[in-house]
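Structure first, commentary second.
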Amino acid sequence: MAIRFNVPYLGGNELKYLAQVIEGKHFAGNGPFTEKVQAFLEERYGIARVLLTHSCTGALEMVPLLLDLGPGDEVILPSYTFSSTASGFVRAGCRVVFADVDPETMMLDPGDVERRITKKTKLIMPVHYAGIAADMQGIAEVAARHGIPVVEDAAQGLDASLDGRPLGTFGPLGTMSFHETKNIHAGLAGALYINDPALADRAVYIWERGTNRQEVLRGVVDKYSWVEVGGSFYPSELQAAFLLAQLETLERNLAERRPLWQHYWTRLEPLANAGAFALPRIDAGRTLNWHAFFIVFPSFEACEHARLALKAADIAAYIGYVPLHTSKVGRVLGWKDGDLPVTEALAPRVLRLPLHNELSLADVDVVADVLTQAVSGQRDA
């Protein structure tokens, strides 16, 4: 029987809430379900203001608009991430400066970030990979020394935290994903966390296509006007209703994923101790959301051998991101092989394993057994 890499989660009330949207005949977005989702996130994570977006990509595209970033400004972020982390800044005319990763976490190395800071650096954007907190203390110390704000790409970090502080709340803004590959989803959606209340009003204008529509609806002003350069950033009420049904079962979602993640660790730790691959480093203070499980092999050949062994057993597993600086667009932006040696060495060796709420402990055992045979076969070869 095939073991899928991901199976989108269902909470249970999705159809009920979708029917309520249809009955209410408010489809376009920013209606009652959008408000309920935003309130849920604000209350659970202590955020000043949350704006639901059509995707995390949309939330990321709002960041340069809201912080007035443009041509001549530099933004430091990891190359080991999804394209959306960088694309909004490129579209705004910023220069994206890629920094290397810590080899044991695959997340921004604060020391390499500091080496790449110039007078033009206006933002640092860490990415919390696999739902594990990046080194926010180290990044914050570097940012503070140079007076540079930090905005998190917390796409994979819903309900994960560092020292009790939710991911996405460490800087003036944070971004979140509700894509169907995430623990909680709406098929496609995201959110912008506005942790600095001073940014809230402008954020709403940008979110509302650059207009003062919300003020008109509240009766604060009587004329509908274009007041900011914005976009169509919020999702439909159908997506918001679907998402609310998911969020209401967040505790169940985490309770189902946790034993799967932990069983992976238990089964694979002996192989890691024997040097077959490395498990991710989980530093103190991290509360996980059990989003993803990855291992790092000593070579691409060993990683590919394991991936193909899993594929032969009808188990879907994937080698991680192609570094953005070595991609077609990265090369157009002026980056080349050798610019980020740590990222380039590690990226082809990262293997993401299946993890979703329909996986069973027995499925984890099957994956672990195939990996055990694969690495044992390589040692014997």
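The values are calculated or read from the model by the stated rules, or taken from the named source; none is laboratory data. Since the model is a prediction, treat every value here as computed from it, not as a measurement. For neighbour counting, all protein chains shown are included, and Cβ atoms are generated from backbone atoms with ideal geometry for every residue, glycine included. Protein only, heavy atoms only, side chains kept; ligands, DNA and RNA dropped before computing areas. Shrake-Rupley method; radii C 1.70, N 1.55, O 1.52, S 1.80 Å.
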**Fill in**
Under 5 Å from the placed amide H of Phe5, counting only residues 5+ away or on other chains, we find Ala316
**Prompt:** Whose amide H sits under 5 Å from the amide H of Gly29, counting only residues 5 or more places off or on another chain, with H placed in the peptide plane?
**Reply:** Glu237
**Message:** I'd like the accessible area for Glu114: 1.4 Å probe, protein heavy atoms, all chains in place, Å² to the nearest 10.
**Reply:** 60 Å²
**Prompt:** Any idea what angle helix 300-312 forms with the longest principal axis of the chain, computed on alpha-carbon atoms, 0 to 90 degrees, nearest 10?
**Reply:** 90 degrees
**Request:** Rank these residues by their accessible area, most exposed first, probe 1.4 Å: Lys119, Lys182, Lys36.
**Result:** Lys119, Lys36, Lys182
**Complete:** Checked against the positive end of the charge dipole of the chain (+1 on Cβ of Lys and Arg, -1 on Cβ of Asp and Glu, about the Cα centre), the farthest of Thr175, Ala92, His128 is Ala92
**Asked** Relative contact order (percent) for segment 261-355, with alpha-carbon contacts under 8 angstrom and 6 or more residues of separation?
**Response** 34 percent
**Asked** Given a 1.4 Å probe and the protein chains all in place, what does the accessible area of Tyr205 round to, in Å² to the nearest 10?
**Response** 50 Å²
**Fill in**
Once all protein chains are kept in place, Ser87 shows an accessible area at probe 1.4 Å, nearest 10 Å², of 40 Å²
**Item:** Debye-sum result for segment 264-350 in log10 I(q)/I(0), which assumes one identical scatterer on each alpha carbon, at q = 0.13, 0.18, 0.19 Å⁻¹
**Value:** -0.55, -0.94, -1.00
**Request:** Might you report the magnitude of the Cβ-based charge dipole of segment 250-317 about its Cα centre, with Lys and Arg at +1 and Asp and Glu at -1, to the nearest 20 debye?
**Result:** 160 debye
**Message:** Using each residue's phi in segment 357-370, evaluate 6.51 cos²θ - 1.76 cosθ + 1.60 at θ = phi - 60° and report the 3J(HN,Hα) Karplus result to the nearest Hz, with x for Gly and Pro.
**Reply:** 6, 8, 5, 10, 4, 5, 5, 4, 4, 4, 4, 5, 5, 5
**Prompt:** Given +1 on the Cβ of Lys and Arg, -1 on the Cβ of Asp and Glu, and no further charges, what dipole in debye does the chain carry about its Cα centre, rounded to the nearest 20?
**Reply:** 580 debye
**Request:** Report, in debye and to the nearest 20, how large the dipole of segment 36-148 comes out about its Cα centre when Lys and Arg carry +1 and Asp and Glu carry -1 on their Cβ.
**Result:** 420 debye
**Asked** In terms of modelled amide H atoms, which long-range or inter-chain residues lie less than 5 Å from the amide H of Ala278?
**Response** Val296, Phe297
**Asked** What percent does the relative contact order of the chain come to when contacts are Cα pairs within less than 8 Å and at least six residues apart?
**Response** 22 percent
**Request:** May I ask you to evaluate 6.51 cos²θ - 1.76 cosθ + 1.60, the Karplus curve with θ = phi - 60°, for each residue of segment 35-43 and list the ³J(HN,Hα) values in order in whole Hz, giving x for glycine and proline?
**Result:** 5, 5, 5, 4, 5, 4, 5, 4, 6
**Prompt:** Along segment 79-89, what does the Karplus equation 6.51 cos²θ - 1.76 cosθ + 1.60 (θ = phi - 60°) give for ³J(HN,Hα), rounded to whole Hz, x for Gly and Pro?
**Reply:** 7, 7, 6, 7, 4, 4, 4, 9, 4, x, 6
